[in-house]
Structures are given as structure tokens and as C-alpha cells.
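The values are calculated or read from the model by the stated rules, or taken from the named source; none is laboratory data. Nothing here was measured: the structure is a model prediction, and the numbers come from that model. For neighbour counting, all protein chains shown are included, and Cβ atoms are generated from backbone atoms with ideal geometry for every residue, glycine included. Accessible surface areas use protein heavy atoms only, side chains included; no ligands, DNA or RNA. Shrake-Rupley method; radii C 1.70, N 1.55, O 1.52, S 1.80 Å.
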Amino acid sequence: MGFGHIPVLLYEAVDGLNIRGDGVYVDGTAGGGGHSAEILSRLSGGRLYSIDQDPDAIAEVTARFKDYSQSVIIQGNFSEMQALLNARGVFAVDGVLLDIGVSSHQLDDGSRGFSYHEDAPLDMRMSQSGATAADLVNSADVDELARIISLYGEEKYAYSIAKGIVRYRGQKPIETTLELAGIVKENVPQKVRRDGHPARKTFQAIRIAVNRELEALEQGLDSAFALLSPGGRLCVITFHSLEDRVVKQFMKDKAQGCTCPKDFPVCVCGNVPKAKIITRKPVLPSEEELAGNPRARSAKLRVLEKL
């Protein structure tokens, strides 16, 4: 299946990088290469490092950018970008773009096990390696499952769903996406079944846990900021409130100045801002973009500049 992907907030995100033609940039979540292609179009003598952990994405962007001398493709997780670039002799960059979460390709390719609409092995691994979603739901105890579904899915009926999972797997292992979706449906109230697909939050939660997405995001933000040169920009696109809260707090902390109590006559903490926030409010998709790509509806872009 081709790696079809519509880049979200394309021009807003790339504009946020404030690109110089001879600069060095990182697309930490290359996907189908939409954002990378726009960055490359603005480079003259610069360089772009496009990173992704998904072998399908790597194959796509390698073929797509084979004729671009400024393009370097790296397979790996964006959380490790500092080490990945340091190993290639790169210790400072002028901008980093992160488009967080599952890609359109991963959702649309039913065989990857991300979708609750198509029957497929319960996989959900972005890197296509390591433990699967099936491994998780068949091994975690009821309390851990409930914690994951509540924390990462913000699901009100997490404990009921977790008990349903444990009860079902007592008869046979849970192996497919539709099995899991059916278990969720049977363990939430009837009214919830009428409000969108009842498995949406649980599938999000399991996916986040399998891929350790929030941990990767926190590490990736630190890694990206460490790489940035003074004046360099970090642009991050998120798709749900958990991610956005992590990014918002990270940027707030980097822009924080003195933390002394207001009644102190002089600063004794010595804390100075390390960055300035470019987007006081997140940039949202336009009505025009939403009409062409409904999946962009929850996207938020935040931009930070290193001082």
C-alpha cells in the first residue's frame, strides 16, 4: 500500500521554522514526506534530515527524495534525534519539525492494526518491531489495563473495559482489532455506543502505550531543543490533549524567567528564559484545510525559538 499522507498545517508549520536557504533542519516525523518536501523546496545550500521509525515511511521518502542532494534519510525514533545526528557529525541545527501521532498511512493500512473499523492482527507498532498491542492486552493485569485506558484514552469506563478484556482473554487470546473493538462495545453503556465509535479512546490508549508515545515526545522535545542553535525554531503539531499539554508545558518551562516570589526585592534564583514562545495561542487548521482533510480537525501547532 502506498504511503499516502496529507500533511497537516503544512505551510503554517514550515513557515514557523523561519527557514534560511543554507540552514540545517530536521523533520523528526517524516511520514510520507509532505513537510519534508516543503522544507526542501525552500533550501538552496542547506540540508534536511528526515527521520522516521516506520520502515514504510523510510522506503517512501528514500524514493521520493532520491534526487535531492540536500536530503538525508534516517530510520529511527525522533526521541533519539540528538544521538542520530551527532553520530553523523551534526551537533547544531536551525530548526526541528515534529508532527506527533499516528499517520494517515498507518490508519488507512488495515493490516497495521491501528483501525477499529477493519479486521486485522492487533498490532499498532509504528516501528513494526517490539511488543504488539495483542501482547499488551493479553498480558497486563486489570489494574494496569484500566490505568492505561483511563490515562491515555481519558476513557470514563476504563475499569469496565479492562475487566471485559481480562474476562474475554480467559476464554481465548485477543488476536484481532475487531475482537478488541467488540469487547469495548460490550462493556460500555448503550448511550456511549451512539456517541462516535466506543472503541476510539481505548484504541488510542493502547496505541500510545505500545509505542510509548508520551515518553518519546518528552525525550524528543529535550533532544530537539538541545540540538537547536540560538535563534533556531521548534515547531510541534499535536493531535490530542495529552500531547498538547506536554508540548505546552515544555515550551512554558523553557520560556520561564525568574521564579522567585513576587515580594523578593531581587532575583536569587538566577533563572533566565532559554527560549521565547512564538505562538501565544496554538495555530489551528483553516476551514479550507478541514474541508479537504477532516483528520486535521484536532491538530494544534506550537512554535518555540531558542534564545
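Where both bridge residues fall in the chain, DSSP classifies roughly 40% of the beta bridges as antiparallel.
When the residues Ser150, Ser223, Ser41 are ordered by accessible surface, computed with a 1.4 Å probe over the protein chains alone, the sequence from largest down reads Ser41, Ser150, Ser223.
GNM on the chain, alpha-carbon springs under 10 angstrom: the most fluctuating residue among Ser71, Ser139, Ser103 is Ser139. With each label modelled as a point 7 angstrom along the Cα→C-beta vector, the Gln249-His197 pair spans 3.0 nm. Relative contact order of region 103-179, taken over Cα pairs closer than 8 Å and 6 or more residues apart, is 32 percent.
The Cβ shell under 13 Å around Ser44 holds other residues with a net charge of +2, Lys and Arg each +1, Asp and Glu each -1.
Could you give the accessible area per residue of region 125-205, probe 1.4 Å, as a whole number in Å²? On a per-residue basis, region 125-205 sits at 51 Å². Solvent-accessible area of Arg200, all protein chains in place: 120 Å² (probe radius 1.4 Å, heavy atoms, ligands and nucleic acids excluded).
Remark: the Asp135-Gln190 segment gains 16.9 nm on full extension, using 0.36 nm per residue and subtracting the alpha carbon distance.
Across the chain, C-alpha contacts under 8 Å between residues 6 or more apart give a mean separation that, scaled by the residue count, equals a relative contact order of 18 percent. Per atom type, the chain shows carbon and sulfur on 50% of its accessible surface, probed at 1.4 Å.
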